[in-house]
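Quick note: the coordinates plus some simple rules give every number you see, no bench work behind them. Note that the coordinates shown come from a computational prediction; the quantities given were computed from them, not determined experimentally. Methodologically, a virtual Cβ is constructed for each residue, glycine included, from the backbone with ideal geometry; neighbour enumeration extends over all protein chains shown.
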């Protein structure tokens with residue numbers, strides 16, 4: 001049981017978190033645009049997340065908070 | 001549920017100006033995490049360089065100084081010596097800043113074993129000015145000022161800073177790390193923490209070289225840039241500990 | 001009367017700096033000012049201070065920048081070629097509004113020049129110490145006693161106005177030995193809430209910085225700084241006037257040139273010529289009023305300099321070119337003789353040279 005919280009407006013859509021997720025649960029939301037004009041990262045299946053925080057470790061902009 | 005990962009307190013809650021996928025953000029966070037974990041924010045004074053991380057003085061919540069290009073180690077020397085007991089001093093410098101215009105300041109701070117922590121971000125290019133050749137640009141690397149690829153016959157070879165400084169008697173600790181994977185980020189943080197702990201313990205000059213990426217000026221995606229580190233940077237700049245006086249002394253016992 | 005000790009000018013600067021509370025000195029050896037470094041190297045370790053021989057003048061001025069950022073009194077000293085190297089740091093100190101004391105014991109230039117006394121860094125000190133709009137307080141001692149007193153004053157002014165004070169001396173002043181009284185009153189140091197001393201997690205972080213990418217903001221920083229400079233100009237200009245009240249020929253000279261000129265004025269008076277001397281003690285701010293007043297009754301000014309003629313421009317500006325200003329000079333490490341100055345006085349007075 002884990003929960004990811006995204007500070008969406010800080011996301012620059014670099015996608016490093018997407019690649020870092022061992023379970024491939026993240027994606028860049030192509031249909032959304034944040035304040036900075038990027039497609040922000042989001043989690044596709046929260047229930048499958050184990051809270052390993054790999055995504056948060058890779059994120060250069062401290063977008064992701066992880067609870068477990 | 002408990003929070004297992006969040007923005008460190010020593011990193012300001014404001015967006016950073018770095019390009020998407022730039023690893024400066026990761027390195028900033030690691031420094032801030034270490035400051036938090038060691039409980040030294042209130043006595044830490046950071047020195048920002050000239051280059052992409054020039055505005056680091058906005059991103060750390062400790063007291064900060066913005067240096068002239070390359071002069072951070074000299075300024076750090078002054079700050080540290082003004083109150084050695086109560087100041088924890090770090091510089092955060094890029095390759096142009098530390099290994100080109102500021103090489104003299106770097107080498108002499110190391111030779112003096114100045115009790116400071118140096119975070120050296122090596123991404124083999126001048127990012128802020130738009131992608132010119134750096135002292136650490138690889139042979140053959142195409143940049144704005146080496147448009148046909150860096151030709152060692154014309155402009156010499158890139159400088160391996162850790163290897164060079166390791167020949168000095170002075171410095172306490174020199175390690176090269178990278179941040180291109182989760183595992184490497186964990187190792188990088190350990191090195192940065194050690195570099196700060198050494199200062200707290202009065203051991204002297206500790207430098208962590210972080211092999212980093214520049215997706216924008218390398219002209220690739222952030223993902224491809226991280227792979228380029230593995231394929232091109234690490235073979236020229238091998239990771240590892242280049243000097244650890246305390247460990248060497250203990251091994252000799 | 002306070003006890004006097006016999007000291008070299010360079011040593012008087014060092015001792016006065018310690019008296020003023022300076023406990024940090026950074027420098028690089030260069031003739032003819034190295035006695036300051038040598039004195040500090042001996043003294044500082046004994047009083048819990050820092051003496052550090054830097055790897056270069058550039059490093060030294062940046063070490064000064066570091067200590068000044070933490071709010072403590074700090075200094076460096078050098079001679080002409082070394083000051084050129086420091087010019088980057090001088091500009092950054094100005095841009096970050098940091099106080100510092102810098103000493104230039106001048107030698108002849110340009111380039112490597114020589115090691116004999118000179119005043120040819122006047123332009124550099126008062127106009128072009130580095131890039132950008134900024135000023136330094138420039139103090140010109142003419143005795144070993146003044147070397148000491150102006151050092152203390154330099155620290156005080158630097159702190160008060162958050163800018164660099166420069167002692168502009170020359171090789172003669174540095175090497176000369178005279179009796180000095182070190183019974184000099186030092187004002188308490190002001191609070192420096194802007195300094196970086198660690199937040200103690202009790203306040204928002206301070207930043208020492210000269211970068212400002214928003215032109216409107218950068219313009220305001222410059223304007224605010226120049227408002228401070230205006231106060232310095234209004235309050236801090238200093239000059240010694242010697243027989244100026246009725247003078248028809250007025251000499252402008254500072255430092256060693258003023259000492260030579262004083263002899264020439266005395267001789268001229270003996271010969272019936274109404275000569276006088278204005279000796280600027282601050283070169284910036286330049287004592288314009290004193291010159292403007294003297295221009296009301298003088299018929300000629302002579303700028304006596306150890307250079308090809310630099311201060312003469314300020315003399316002309318201050319007197320608004322109402323009367324002729326001529327140059328009496330030597331350069332390259334040479335010093336004008338009293339006879340040379342006397343001849344210039346006679347010529348300016350309308351007689352034979």
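To the nearest 10 degrees, how steeply does helix C:9-19 sit against the main Cα axis of chain C, on a 0 to 90 scale? Relative to chain C, helix C:9-19 is tipped by roughly 40 degrees. Between B:180, B:86, B:217, the Gaussian network model of chain B with springs among Cα atoms under 10 angstrom shows the greatest mean-square fluctuation at B:86. One quarter of the surface of the convex hull around the alpha-carbon atoms of region B:167-241 equals 5.6 nm², the direction-averaged projected area.
Using just its DSSP H runs of length 4 or more, each adding -39500 (n - 2.57), chain C gives a mean residue ellipticity at 222 nm of -12500 deg cm²/dmol after division by all residues. Maximal additional length on extending the residue B:6-residue B:234 stretch stands at 79.1 nm, based on 0.36 nm per residue less the C-alpha distance.
Treating the angle as unsigned and between 0 and 90°, give the value, to the nearest 10°, between the Cα long axis of helix C:338-348 and the longest Cα principal axis of chain C. For helix C:338-348, the angle is close to 60 degrees. Pop a pseudo-label 7 angstrom from the Cα along the beta-carbon direction at both residue C:212 and residue B:166 and give the gap in nm to one decimal. Those two pseudo-labels are separated by 4.6 nm.
Here is how the number arises for chain B: DSSP H runs of 4 or more residues each give -39500 (n - 2.57), the sum is divided by the residue count, and the result at 222 nm is -9500 deg cm²/dmol. The calculated P(r) of region A:3-67, using every Cα pair and 5 Å bins from 0, goes 4, 22, 33, 26, 13, 3 in percent.
Measuring nothing but alpha carbons in the protein assembly as shown and taking Rh as the Kirkwood radius, the Rg to Rh ratio lands at 1.07.
Using 0.36 nm per residue and subtracting the Cα-Cα separation, the extra length available between residue C:235 and residue C:6 on full extension is 79.2 nm. Relative to the longest principal axis of the Cα atoms of chain C, the long axis of helix C:215-235 lies at roughly 50 degrees.
A simple spin-label model places pseudo-atoms 7 Å from Cα toward Cβ; at residue C:267 and residue B:129 they are separated by 5.6 nm. Here, chain B is characterised by an Rg to Rh ratio of 0.95, where Rg is the alpha-carbon radius of gyration and Rh the Kirkwood radius.
Of the residues B:46, B:25, B:204, the one that moves most in a GNM of chain B with alpha-carbon contacts below 10 Å is B:25. Computed from the C-beta positions of residue B:190 and residue C:317, the FRET efficiency with R₀ = 56 Å rounds to 0.30.
Using R0 = 41 Å, the C-beta based FRET efficiency linking residue A:28 and residue B:153 works out to 0.40.
With the Cα gyration tensor of region B:109-253 in hand, convert its eigenvalues to equivalent ellipsoid semi-axes via √(5λ) and list them largest first in whole Å.
29, 17, 13
Net length available on complete extension from residue B:183 to residue B:250 is 21.4 nm, with 0.36 nm assigned per residue and the Cα-Cα distance removed.
Within 10 Å of the Cβ of each residue in C:193-199, the mean number of Cβ atoms contributed by other protein chains is 6. Sorted largest first, the principal axis extents computed over the alpha-carbon atoms of region C:47-149 equal 35, 35, 27 Å. Approximating the spin labels as points 7 Å out from Cα along Cα→Cβ, the residue C:53-to-residue C:337 distance works out to 4.0 nm.
Cβ-Cβ distance of residue B:37 and residue C:327, R₀ of 51 Å, FRET efficiency by 1/(1 + (r/R0)^6): the value works out to about 0.15.
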